[in-house]
Amino acid sequence: MRLLATIVCFLFLASANAQKAYQPVTNKTIASRYGAMITPESARKQLSVIAGETMEGRETGTRGQERAAAYIISQFKEAGLQPGVEGTWEQHYPLYRDSLETGTLTSGDRTFHFGLDFYAGIQETPDIDISADIVYAGYGIISPEHNDYKGLDVKDKIVIVREGAPATMSREKANPTEKAAVAAFRGARALLVVSKGANRFRALDQHYIRKTDIYRTRDTSSRTGIYYITPATAAFIMGGDSLQAEKGILPQTSARPLHIVFHKKDLTLWPSNVLGYLEGTDKKDEIVFVTAHYDHLGIVDGQIHFGADDDGSGTTAVIEMAKAFGKAAKDGYRPRRSIVFMTVSGEEKGLLGSAYYTANPVYPLANTIVDLNIDMIGRVDPEHEHDTNYVYLIGDNKLSSALRPISENANNTFTGFQLDYKYNDPNDPHQFYYRSDHYNFASHGIPVIFYFNGTHADYHKPTDTVDKINFNLLARRAQLVFYTAWELANKPVRLPVDRNER
Ligand SMILES: [Zn+2]
C-alpha cells in the first residue's frame, strides 16, 4: 500500500516537473556570439593537425602523443587559458611496460621455451631465476570436502597442477589465479598448470606476447608466477607419460629439480594529461570540466591509426570550446565558475590518464561540479545514416536530476539535435557508460555527460581518417557541449548531486 502511494505521489511530481520548463540564465544573444566561433572550417583546421600523419596515431607513451600534447598546449595558449597544473600545462604520470628477455624452464638437459612449450602472462609473472623440486598436487584445490595438498609439503617448491576442477565443484575453484594463491599460501615458489591449451600459444605472434600492454602502476606485491605447460612438457618434467599427463595422471614428485628463468626488462613511460584553466569570477572555486582523450592506437602493423573520430573529434571540440570561452572572457563575459579544459592520454589503454587525474586531482574533486566528456562526435553510425541530426548522450541523469533539463534546454535553444538516450540504458550490452573517461569522474560522484556518435565500420581501424568526418555535425555537437557548459558555469545554483544510479 505504502509503495503504491509513493509511486502515485512520485508520478504526480514527475509530471508537475515536466510541465515546468527549465529556466536558463544564459543570455542567448551573447552566448551564441561565441558559440558561433565553432565552425566546420575551424574544426577541420584543428583535426587536420591532430589526426595528421605527423602525430603518428598518438599512441600513449610515444613521440606522436608528445607532439599532440605540444600542439594542444599551443592552442590552449592561443585561446588565452592559463597553464592548468600549478604553472605548467601537463600532468605527467608513470606507466610501465614489460618485455620478456628470457623465458625458459630447464629440466635435466632439456630446455623448454616460452611461447613454444609454455606460456605465462608477462605482467603477472615476477622476474625470477629459481631452481627447486617439483610436487604434483592434483587440481591444486582446497575446499571443505576436498584437499589436494593433504600430506604434501610444498614449501619452497614448485607446484604442478592439472587444469580445471572436479565436476562436483564450483567453477571458481578452477581459476588458476586462485590455485596460485593456494600454492603461495603454502609456501610454493611457482605454479605450473598442465594445459592442453598451452599448445595454442605456438600460434601467437611472438613479438606481441613478449610485450605487455602499457599498464598503470608498478605492482610491488610478491606474486607466484603461473606457467601454463603442455601435457608433453609436464610428462617430461615429471618423468611420466604424455597421454597419462593429459588425463591428469602424473608422478607425485620428480627426480630432477626444475630451473625457471623469467627475465623481464621494464621501461617507464611518462605520458601526460594536458590541462588549460580559465578562471571564473565570483564562483571561481567551483569547476566545470570539459574533457576528451587525445591519445589513440598509434602505429599498428606498420599502419598509422589516425583516430580522426576517436578521439581527434573530441580533442578538436575541447580546443574549439577553449577558444570560444577564452574570447568571451577577453570581451568581458568571463564565466562565474572556472572551466578546466583537459585532454587526457591513456584512454585506449584502459582510461589510464583520467584514472590518474581523478586519483591525483589538481582541483579538489569536491569542487568539481561536472565533467562533460566528448569521445567521438565527428561521424554517423549505421542506424542514423538517413537522419544524421543526432547525438547519443550517456550518463546525464545518473548523479544529478538537474543536468538533463539543462542539457535539453541548451539543445532546444541552440542546436536542435535528436538527443538519443539509447545507450544510457544500464542494460545496454555495449556498456558505453563505462568505456570513456567521464566514468572516472562519475565513479567519484561527479555528474557527467558523455557525448558520442556511436561506432562505425572505421572504429579502431586505420581508416578512421579526417576525410570521413562530417565537420558540420562535429561543429554543431561541439556547440551543444559549449552551450551546456556555458549554462553550468553561469547558473546561480551549483548543479546538485541528488541521485546515485549506475
Ligand atoms: Zn577508442
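Within the stretch 158-179, count every residue that is assigned to a helix (DSSP H, G or I) and in contact with a Gly (Cβ under 8 Å, 6 or more places away or on another chain).
Going through the stretch 158-179 one residue at a time, the tally reaches 2.
Since F341 meets every condition but one in (1) part of a helix (DSSP H, G or I); (2) buried (at least 24 other Cβ atoms within 10 Å of the Cβ); (3) of a type outside the set (S, T, Y), which condition does it not meet?
The number of the failed condition is (1).
Quick one: which of H263, H259 is modelled with pLDDT under 95, more than 16 Å from the ligand (Cβ to nearest atom) and touching a Ser or Thr at 6+ places or on another chain (Cβ under 7 Å)?
Criteria check complete, one pass: H263.
Run A69 past the list (1) under 30 Å from G346 (Cβ atoms); (2) assigned to a strand (DSSP E or B) and report the number of the one that doesn't hold.
(2)
Conditions: (1) open to solvent by less than 30 Å² (accessible area, probe 1.4 Å); (2) at pLDDT 90 or above. N175 meets all but one. Number of the miss?
(1)
Return the residues of the stretch 53-85 that are among the polar types (S, T, N, Q) and open to solvent by less than 40 Å² (accessible area, probe 1.4 Å); say none if nothing qualifies.
The answer is T60, Q65, Q75.
Taking the stretch 378-412, which residues are within 26 Å of V497 (Cβ to Cβ), of a type in the set (A, V, I, L, M) and under 28 Å from the mean Cα position of the chain (by Cα)?
V391, L393, I394, L399, A402, L403, I406
For the stretch 307-331, how many residues meet the condition of being within 12 Å of the ligand (Cβ to nearest atom) and not in a helix (DSSP H, G or I)?
Summing the residues that are within 12 Å of the ligand (Cβ to nearest atom) and not in a helix (DSSP H, G or I) in the stretch 307-331 gives 1.
Across the stretch 243-266, which residue is least open to solvent (accessible area, probe 1.4 Å) among those that are hydrophobic (A, V, I, L, M, F, W, C) and farther than 22 Å from Y119 by Cβ?
Residue satisfying both the conditions and the ranking: I249.
The values are calculated or read from the model by the stated rules, or taken from the named source; none is laboratory data. In this text the structure is predicted, and so the values were computed from the model without any measurement. We place every Cβ from the backbone using ideal geometry, glycine too, and count neighbours over all the protein chains shown. Side chains included, ligands, DNA and RNA excluded: accessible areas come from the protein's heavy atoms. Shrake-Rupley method; radii C 1.70, N 1.55, O 1.52, S 1.80 Å.
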